[in-house]
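Please read the structure below before turning to the comments.
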């Protein structure tokens, strides 16, 4: 009975680590690309490290400090947003809005041609090679609370 309980616990922990916690570094990169391709800002945010989220939230606070100016600037990017909507922005909402803009979607790669390589893990850091149109970039992930997240150095591809 003890062996059965231990095996069940191990399966539960592994399922959380692989699915609920984000998965392997290359799976997290794939989840990020799927979220970007689908315009799902909340899913994008779920893939990001605390460091990256802190940076996004700092930028949001600056935008919220001048909601009228932010709304006017957004129009230049093809984004319609009211000052009231600016005041209510969260990281997920902001990413969704940006991903829906024509300016950003025009620059998106063809995700069907993106190749995600095998992660090289060194302690709490993983590097995942990603090839776009023959050019390979490495995306850095960091281990946070048992889950792999896109790190600050991993956002250079976007």
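For this structure, a couple of remarks:
- Expressed as a fraction of 2.2 N^0.38 Å, the C-alpha radius of gyration for the stretch 23-157 is 1.11.
- Rule-of-thumb Rg ratio for the stretch 91-158 [Cα; 2.2 N^0.38 Å; N residues]: 1.26
- Remark: relative contact order (the stretch 23-157) = 28 percent; criterion is Cα-Cα distance under 8 angstrom and separation of 6 or more residues.
Readers should treat all values here as calculations from the given coordinates under stated rules, not as data from a laboratory. Since we're looking at a predicted model, the values are computed, not measured.
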